[in-house]
Structures are given as C-alpha cells and as structure tokens.
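Here is the structure we will look at, set down as structure tokens.
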Amino acid sequence: MISTAIRVARVGSAAELAAAALMMLGYPALMLAALLPSVGAFAAAAAVTYLADHYLHRRGSYLISRLSKVRAGLSIRFLIRQLLLVLLLARAPLADLVFYVAIACFLAFYAFQAPHGALVTLIRNRRRMPVATRNVDLGSRIRIPDAPPQGLLNRAAEKMLHLDLVAVAGLLVTAATGTNVYGYVGAVVTLALAFLYVAALVPYVRGKKSPPKAERVLAAVDGWLREYRPQTVLYFSGSKDSAYQVNMWLQTMEQLETRPLILLRERAILQNLAPTTVPVVCVPGGVHLMNLDLSSVRVALYAANVGKNIHMLRVPTMKHVFIGHGDSDKLASVNPFSKVYDEVWTAGRAGRDRYAIADVGVRDDDIVEVGRPQLAPIRPAAGAPEDRIPTVLYAPTWEGWDDNPGNTSILLAGENIVRTLVQADPPVRVLYKPHPFTGTRSTKAAAAHRRITALVEKAAAERAADARFTTDAAAQTRAKAELVRIEARLAELAGPTGDKGDEAEATRDGVVDVARHEEIARLRDEWNDAYWHSFGSWEHRVITGAEPRLYDCFNVSEAMVSDISSVVSDFIASGKPYAVTDSAELGVEEFKLQNTAVRAAVILSNSARELPELLAAVRAPEADPLAAERQELKRYLLGPDDPTSMEQFNSAVHQLAQKAEARNRGQEAGARAAAAGNANAVPGQRTADQASDAVKG
C-alpha cells in the first residue's frame, strides 16, 4: 500500500511521503489550534509544517512543484501560516497593540519580497552569459567579476521567507506568557534581517559586479575563435539526459589531429559534460550562433539528429557529417534526416548495408566506414587467467518506454539466467550490471531487479562460506587501502563541492588543468585495478554505480549475457563469447534475421536452457563453434583492426576537410570570375547577339 501511495504521489521514498502527509495535515491543525486557541498546539503544528516543508524542498520533491501548480506554492503556505498566527493572537487575551504589530510586521515583511525577488532575478539574468565556455581563456579579454556568494542566491525565496521564524517565535512566546516585548523584538529582528538581505543583494546589480553585456562577450569569443582557428567541430543539442551522447565522443575529439572545438546549444548539456581538454563553447541562442566567426571550420560532426542542427547545417564553408551515438539495428540508426549531411560515418560495413536496405535517401557514395574509436579501451579475448575461475557478465538493458516483451530480459528471463549461472558446475563468477534506468518506469522490472540482486548476493554469501573458495586476505587489504588512498586523492583533485560560483564564473575559470586532468585519468585506471583486487576473484558481484564502468566489466569477463542494445555491439569488439536473450520469443532464425549483432551469439530463450553452450565456449575456447563467426561479425559491424579506428577517423576528417577546402576555393574563383565579367560589361548594354535576338523576336 505504501509503495502504491508513493507512486501515486510521485514522491521518492516513504520518508518523503510521510513529510508530505505531515505538511498537509499541519495546516488544518494550525487552524484548529488558532480557533481554540492553544498556543502549544499551534507551536507544535507550526514546527511540523516548517520542518516538513524544508525537508521536501531539500529533497527536490515532485510534490513541491505540484503545489505551485494548484496555487499552493511556497509564499502562499507561509502567508497562510502567518494569517493563522494573527487569528491566534486575535483569539488570545492580549493587548491590541501586539495584534497590530503582528499585522504590520507581516505586511512589511511581504513588502520586502518584491524587491528581493526582483534583485535575485536581475542578478541571475545579468550573470547569465550569452555564450558560456570551458577551456577558453576569456578572462584575459573581458572582465568577469566574481559570483555573488551562493548563500545569497541559492534557494533565495525559501531563505527569505524563513526569516519570519523570529517574528513567529516571538509572537508565540508573547501569546504564551503575556509579555509583549518578545513579540516586538521578534518583529523588529525579522524586518531587520529582511532589510539586510535585500541590501546585501544591491551591490551585485551595479556595473562593476556584473559581467559585460552580450555584445562584448560575443566579440571576445569571436576574437578567441580567430586566434584559435578551430578546424573540426563536434556540434550537439539535446536534453540534459542525452549528455552521454556527446560525452562518448570527448576522448575521440581529444585525439584529433586537427584543432577541435565542441559546440553545445543547451546550458544543461554543458553542466553535465564530462571533463575534457577540448575547448567548449555553449551558444543557446540561434542568432548568436549564426553570428559566430566559424570561418576556419572545415568539418562539423553531429552526434544526434535534432532540429537545432539547422543552425549549423546552413553554413556552406564546412562539410557536415552524421556520426551518431551508437551502432545498433534500431530505427534511429537509419533516420531519413541523415540525407541532409554531406557524409554519414558508420563503424563498419553493417552501417552501410542498413542504409541500403532502409532506402531512406542516403547515397552509398556518402557513407564512410571509420570504425568506433570509443571502443579502444576494450581489450581482446585472452582467456581466463589460470589463478581464477571464468567470469560471466550479465548486463541487461532497461524496460523501455513501452511494454514490448523484447525490450529487456529482466522480466521473463533474468532470474533464470542468474540462477543457471550461479549454479554452474564447474563454477563461474557472475557480475550483474543492469542498465541505470532499470525499474524507473516499470514496477515489475524494479521488483525483478531486486529479486535478481537477492539471488546474486545470496549466492555470493554461500560461496564465501565454501572452503573451496579461498582468498588472499593480505592482498585484499592492500587493495582496499589503495582504494581509500585513490578516492581521497580524487576528492582532493575534484576540489570543494559547496560554493561553485555561477555560469559567468565557470566561463572565466573553466580552463582545464591538463596535468590534473591526466592525473585523474591515471588514478581512475588505478582505482579500477584496485577495485577488482579488493575482493575474491570468485566472488559474485552486483554493480549498479557509475564505477566500475561497463567497459571495465567487459575486460574482466570471459563472456556476456545481454539484450538487444548497443552493449552487444560494443562487446563484440572483444571477440569473446556472448549470449542474447530472445525475450519476445521470435525464434532463433527470425531473431538473427532482425538483429545483425546476434548472428554470432548463443540465442537464449526465456528459460535460459541454452546457457551451457555459452559456458562450454568459455571453458574450451579452442572448441568454440562460433569463434570464427564472431571475428567475421566484428569486422562487419566495426571494421578492421588495422588501421585503428582512431587512425581511420582522423583520415576521414582530413579527407573531408580537403573537400571543403576545394569547394571553397572553387567558390572564390567563381566569385572572382563573375566580378571580373561584371566589371567589363557596361550596365544596361546588350550584346550584338542579344540585340539580334530581340529584333528577331
């Protein structure tokens, strides 16, 4: 029942639901206490409403935004509490002066809300940059002042309204004791604090405390662009949840042989962008973007098909390429919109064939196979080391937005898969790494995930008690100590997490420290190595966090079980055995016909009875019947190993840049010829042939 109530109220937990219920019940309790009147009951109910409201705000509860939609927002809730306090004072045997002081105090208090809100909004708007950057030195070109203390702007409305606490407490003490001075002092202190809060904001709307106007910022960015002269741009637009689509290309951009630039359109993407050494420019406004000096750019790369791409596609001096954000058999991989680009780059031959079969207007001549540079961290199959048992990774995808049974194996096959693996003889180790969205839409998927987690954890506990599985306690202790050391250093390099300034300050100070960036990358690799040595090599594990990463799990596994998703295509880069679940029960032949990436997989039914075939390939790689097919499929999907994907990618960028240069030179030559021809002609004068034609006509 509680879980149903949580889902209906759209709150995050039982504690959140309890806080919401207490806040809702608190206001009728306040009214009843005011009518009785009961000062003690009113104080208790007021404390409950204050605390519950504050807790829900701190948790970012969905209920808070819903209350605003039905005109029960934060200000209204505070006003109702104050009006009920006035009612309590009217019902209590107090002097009239206290009653009038309370009314005057709350009226004056709300008079301060308007200038406070206006100042906060004005400061935020003035400090919002027309162009936000990272790894671009704008500080030497324009003056960007420090951000106001975040204590003034963060949750400003909530902080301002809570200043009434002093007045409310003083008036309640007066109502309880009959001593008026407490009410007077509380009212004066509340108004003084409100005045000081407003006064503290005023300096930050003056010229010296505000960033330059948009024209100066744009001119500074243009000046930097003219000096840096970017040659290859990664352009991206999307929601904050799609930041992973651009993040997956950051390392590739860092390895380009041309001068790279990342061009974003949404501030939310910039905030969720992973650390990178590549210059980043975020331009939310389409007009601002179209006026940027991008004359040196020759190749523009697009990771997603979105409407805002048109703002860059209109530039004829550069060539435009769709590179996508994954390689799979999904319909998004053959979007008809792709024909607007000069070229479409795919990983291997499979991508080219998809477009040919789909017949959506993308010419075969415009498709270039460049491999998948992101897959470089995936190590090829080498067999399980002799000192440990084989590891099998179960990495299912999530339930998706509809109830298609083919979306995920979690619902129908997950428990059967895990149960078969943990009971395998000879034994294997199981790593369970579900998709981060698992259970976010479907309660059935969430329940299945919990059952699978319980199965893995139970099997891990039983194995720990089995004398056959021994551990090197000293080595594990050293690894755990190493984890603590690395995490402490990473936290130190990350810096304080409290006051991070604002967009303007981040633009001014957002130049990456390359040495620190490289140290963080090295430490993350060391952390990954220490993590796998911090527990027994036979120990089953549930991995739900961001670390270790999926590719790290690939590298310590000898096989994988998954669903139809880009995870399968990526794992194929390792050349290791894998199985894919036909949860929709299409049948082996139809399943392989519809999904290229499973053609060299062991196909599992929902009963998972086919798993022994996968385990046999793990234990005896030399007798693996699908090994040759996997290598052939790898070349078909991802291209050849030599040259490397990064070399192929750089070569494709270089060749396309040359095409752009050739086109631009042709345009310049044509323009000069046209200008010369116009200069030799007398305006309005017709040639002899034209005159003759006119006579004949």
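Divide the volume of the convex hull around the Cα atoms of segment 276-341 by the residue count and you get 112 Å³ per residue. For the chain, the spread of Cα coordinates along the three principal axes comes to 99, 95, 54 Å, biggest extent given first. Remark on Val561: its backbone amide H falls under 5 Å from those of Leu393, Tyr394, Ala395, Ala579, a criterion applied only to residues 5 or more positions apart or on other chains, H modelled at 1.01 Å from N.
FRET efficiency for the pair Thr317 and Asn125, taken as 1/(1 + (r/R0)^6) with r the Cβ-Cβ distance and R0 = 25 Å, rounds to 0.15. Shape verdict for segment 419-538, please, from the Cα gyration tensor: rounded (a/c under 1.5), prolate (a/b greater than b/c) or oblate. Oblate shape, in that a/c is at least 1.5 and b/c is the bigger or equal ratio.
Computed from backbone phi, the HN-Hα couplings of segment 519-528 come to 5, 4, 4, 5, 5, 5, 5, 5, 4, 4 Hz, rounded to whole numbers (Karplus: 6.51 cos²θ - 1.76 cosθ + 1.60, θ = phi - 60°; Gly and Pro given as x).
The spacing between segment 156-216 and segment 545-597, judged by their C-alpha centroids, is 59 Å. Counting only lysines at least 8 places from Lys592 when in the same chain, those with an alpha carbon closer than 26 Å to its own are Lys330, Lys433, Lys576, Lys634. Estimated purely from DSSP H runs of n ≥ 4, each contributing -39500 (n - 2.57), the mean residue ellipticity at 222 nm for the chain is -16500 deg cm²/dmol once divided by its residues. The distance from the alpha carbon centre of segment 118-148 to that of segment 228-256 is 23 Å, rounded to a whole number. Using a 7 Å offset from Cα along Cα-Cβ at Ala200, what residues in segment 39-80 end up with backbone N under 12 Å from the label point? What the label zone holds, given the 12 Å backbone N cut-off, is no residue at all.
Does segment 229-375 come out rounded, prolate or oblate by the C-alpha gyration tensor, with a ≥ b ≥ c the root eigenvalues, rounded set by a/c under 1.5 and, if not, prolate when a/b is larger than b/c and oblate if not? Prolate is the answer for segment 229-375, as a/c is 1.5 or above and a/b outweighs b/c.
The fewest-to-most ranking of Val185, Val281 by surrounding Cβ atoms within 10 Å reads Val185, Val281. Computed from backbone phi, the HN-Hα couplings of segment 661-677 come to 4, 4, 4, 5, 5, x, 5, 5, 5, x, 5, 5, 5, 5, 5, 5, x Hz, rounded to whole numbers (Karplus: 6.51 cos²θ - 1.76 cosθ + 1.60, θ = phi - 60°; Gly and Pro given as x). Sequence-ordered 3J(HN,Hα) estimates for segment 166-172 from the Karplus curve with 6.51, -1.76 and 1.60 and θ = phi - 60° stand at 5, 5, 4, 4, x, 5, 5 Hz, glycine and proline given as x.
Near Met129, the amide H atoms lying under 5 Å from its own belong to Ala504; only residues 5 or more places off or on other chains count, and H is placed 1.01 Å from N. Look at the dipole of segment 229-375 built from charges on Cβ: of His320, Ala356, Trp345, the Cα furthest out on the positive end belongs to His320. Counting other C-beta atoms within 10 Å, and keeping those with at most 15, which DSSP coil chymotrypsin sites (Phe, Trp or Tyr not before Pro) do you find in segment 359-431? Taking segment 359-431 and a limit of 15 other Cβ atoms within 10 Å, the loop chymotrypsin sites (Phe, Trp or Tyr not before Pro) found are Trp401. Think of each Lys and Arg Cβ as +1 and each Asp and Glu Cβ as -1; about the Cα centre, that makes the dipole of the chain roughly 2800 debye. Given their separation in residues at 0.36 nm each and the Cα-Cα distance between them, Glu647 and Ala488 gain 53.6 nm when the chain is fully extended.
Dipole check for segment 229-375: with +1 at the C-beta of Lys and Arg, -1 at the C-beta of Asp and Glu, and the Cα centre as origin, the magnitude is about 380 Debye.
No lab work stands behind these numbers, since they all come straight from the coordinates. Not measured: the values here are computed from a predicted model. With ideal geometry, Cβ positions are generated from the backbone for all residues, glycine too; neighbour counts draw on all protein chains shown.
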